[in-house]
Amino acid sequence: MSLKVWQSNKVTEPSARPSRITRQGQAVLSVVDSSESFRSAQDIHAELRAAGEAVGLTTVYRHLALLTEDGQLDALQTADGELVYRRCRSSQHHHHVVCRQCRRGTEVQLPDLEQWAESTAHALGYTEVSHTVEIFGLCSACSIDTGTAPP
């Protein structure tokens, strides 16, 4: 299976809809932008509160949902069911390889997977096919820290 890693610095363009981002929404976006790792709403909320921002957890969730719906953030569900968020560098369809420990994510294109998903679904009579694939593991730095790095 071929694998293409995204190393572009291109930031996803927001949709053409009018922006509904308030000052608090901009603060949420700033916290997300400050990290290459996927972040939970609770993590973002804690960082905002520590910085003196008067924002409630419900407001953080609302803005994360709006920013995700607007295409400015990617959201994925971790293995334990938690939603985490990150601003991706690619506006094209892509997948993520995510560290379970530090939540650092790498964007990848998997053309062979795309072809397999389409052909499998079509062979079973499905149309309008979509899919979600996220890969979780330990990044090399976390593998070294935990002593699980390959020799």
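Derivation of every value follows stated rules applied to the coordinates shown; laboratory data play no part. Keep in mind it's a predicted model, so treat the numbers as computed, not measured. Note that we place each Cβ from the backbone using ideal geometry, even for glycine, and neighbour counts take in every protein chain shown.
Calculate the translational D of the chain in whole µm² s⁻¹ from Stokes-Einstein, where the hydrodynamic radius comes from the Kirkwood formula applied to all Cα pairs, the temperature is 10 °C and the viscosity 1.306 mPa s. Before the final figure, lay out the partial values.
Details: Rh = 17.1 Å.
Estimated diffusion coefficient is 93 µm²/s.
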Ranking of Ile135, Ile21 by count of other Cβ atoms within 10 Å, fewest first: Ile135, Ile21
Crossing angle, helix 57-69 versus the chain [Cα axis fit, 0-90 degrees, rounded to tens]: 40
Residues Arg104, Arg23 arranged by fewest to most Cβ contacts within 10 Å: Arg23, Arg104
Three-way shape call for the range 24-83 based on the alpha-carbon gyration tensor, with the a/c threshold at 1.5: prolate
Sites Thr106 and Ala50, calculated FRET efficiency, Cβ-Cβ separation with R0 35 Å, nearest 0.05: 0.80
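Arranged by the count of other C-beta atoms within 10 angstrom, fewest first, what order do Ser130, Ser90 take?
Working: Ser130 7, Ser90 16.
Going from least to most buried by this count: Ser130, Ser90.
Expected output is a single nm value to one decimal: the length gained when fully extending between Thr58 and Leu83, i.e. 0.36 nm times separation in residues minus the C-alpha distance. What is it? Provide the component values of the computation, followed by the final result.
Values: separation 25, 0.36 × 25 = 9.00 nm, distance 1.42 nm.
This chain segment gains 7.6 nm when fully extended.
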Folded to 0 to 90 degrees: helix 41-50 orientation relative to the chain principal axis, Cα: 30
Acute angle (nearest 10 degrees) that the helix 23-33 long axis makes with the longest principal axis of the chain, alpha-carbon atoms: 50
Long-range Cα-Cα pairs in the range 73-151 (distance over 21 Å), rounded percent: 42
For the range 4-146, with +1 on Lys and Arg beta carbons and -1 on Asp and Glu, the positive-most of Trp116, Ile44, Ser90 along the dipole: Ile44
